[in-house]
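See structure below.
Since every read-out is calculated from the coordinates, none of them should be taken as a lab result. Predicted, not measured: the structure shown is a model, and the values here were computed from it. Cβ placement follows ideal geometry from the backbone for every residue including glycine, while neighbour counts extend to all protein chains displayed.
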């Protein structure tokens with residue numbers, strides 16, 4: 001494989017890494033890259049799984065301390081029933097609960113969702129929907145901390161994550177809009193959104209491992225896949241840290257404007 005082809009994989013890993021944490025739809029932007037540059041590797045679902053894994057590693061590393069705290073507190077509460085472990089015990093179940101709707105819908109409608117992903121005009125429309133949703137909550141501050149999230153909040157955010165199964169709708173954007181609409185603080189909303197990304201990402205990888213392992217050209221693609229994954233991992237880490245700071249400052253309006261411009265351009269010219 002020539003160096004130009006390898007650099008294309010790295011470039012797409014960077015695109016995935018930058019757009020995954022922010023509310024602009026990473027899958028939508030990969031489709032836009034395909035239309036703009038005719039990257040044939042974007043017909044390869046295995047590559048999307050690999051770069052998504054890079055993003056997963058980055059988010060997991062970024063939240064590693066909180067993740068381990070949630071897990072240990074969860075089992076400590078089961079064992080001791082001590083009050084100090086209860087908050088994270090409850091939070092763990094709220095993460096699971098909010099993940100279930102997207103998991104069920106993803107399994108039931110996987111083929112239909114993938115069929116829609118090839119329609120670039122729908123990506124443009126989805127970006128405009130994201131623009132409107134972000135605009136509506138751009139000034140919201142919220143009052144709820146992690147400990148205040150209810151079962152109903154979790155279910156509603158879970159159904160917002162179902163909406164994000166539609167190609168071009170940002171997963172982080174949808175869950176943050178859902179969380180903010182339930183009066184969560186900005187920081188609480190973005191942290192919850194990233195926590196929900198982890199099980200969804202794991203499920204996606206598990207479903208795709210069989211196809212990846214059985215790929216006939218895996219040995220040829222091992223190097224570009226690995227470089228794309230590393231690029232995605234590194235860029236996701238810094239993009240997520242940047243976005244968390246943006247959320248704290250309440251600057252979602254910039255992403256709303258970007259989605260408006262991108263959506264219009266996609267509809268008119270692609």
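Projected label points at residue 227 and residue 202, each 7 Å from Cα along the beta carbon direction, are separated by 3.2 nanometres. In this rough spin-label picture, where each label sits 7 Å from Cα along the Cβ direction, the residue 81-residue 111 distance is 5.0 nm.
Listed peptides 245-257, 114-126 appear in the order 114-126, 245-257 once ranked by packing, highest mean of other Cβ atoms within 10 Å at the front.
Each peptide in 18-28, 57-67 was scored by the mean count of other Cβ atoms within 10 Å over its residues; highest first, the order is 18-28, 57-67.
As a rough footprinting exposure proxy, the listed residues 186, 84 were ranked by other beta carbons within 10 Å of their own, and the order from fewest upward is 84, 186. Spin-label model, residue 159 to residue 68: label points 7 Å out along the Cα-to-beta-carbon direction sit 3.8 nm apart. Averaging the sequence gap over all C-alpha pairs within less than 8 Å and six or more residues apart, then dividing by the number of residues, gives the range 144-269 a relative contact order of 20 percent. Any chance you could tell me what percent of the C-alpha pair distances in the range 67-115 go past 13 Å? Everything past 13 Å amounts to 61 percent. All Cα-Cα separations within the range 32-170 were binned at 5 Å from zero, giving a P(r) of 2, 8, 11, 15, 19, 16, 12, 8, 5, 2, 1, 0, each value a whole percent of the pairs. Entry note, the chain: the mean residue ellipticity at 222 nm calculated from DSSP H runs of n ≥ 4, each adding -39500 (n - 2.57), is -26500 deg cm²/dmol after division by the residues and rounding to the nearest 500. Dimensions of the chain along the principal axes, based on C-alpha atoms and rounded to the nearest Å, stand at 59, 40, 34, largest first. Taking every alpha-carbon pair under 8 Å whose residues sit at least 6 apart, the range 13-111 reaches a relative contact order of 16 percent. Over the range 3-269, Cα pairs under 8 Å with separation of 6+ residues give a relative contact order of 37 percent. The Cα center of the range 153-188 and the Cα center of the range 90-146 differ in position by 6 Å. Each principal axis of the Cα cloud of the range 176-270 was evaluated for its coordinate range; sorted largest first, these ranges are 48, 36, 22 Å. Which residues in the range 133-169 place their backbone N less than 14 Å from a point set 7 Å from the Cα of residue 119 along the Cα-to-Cβ direction? Answer for the range 133-169: 166-169. Taking other C-beta atoms within 10 angstrom as a stand-in for reagent exposure, 233, 45 fall in the order 45, 233, fewest first.
Working note: Cα atoms of the range 94-174, range along each principal axis, descending, whole Å: 40, 30, 13. Length gained on full extension, residue 93 to residue 3, computed as 0.36 nm times the residue gap minus the Cα-Cα distance: 27.8 nm.
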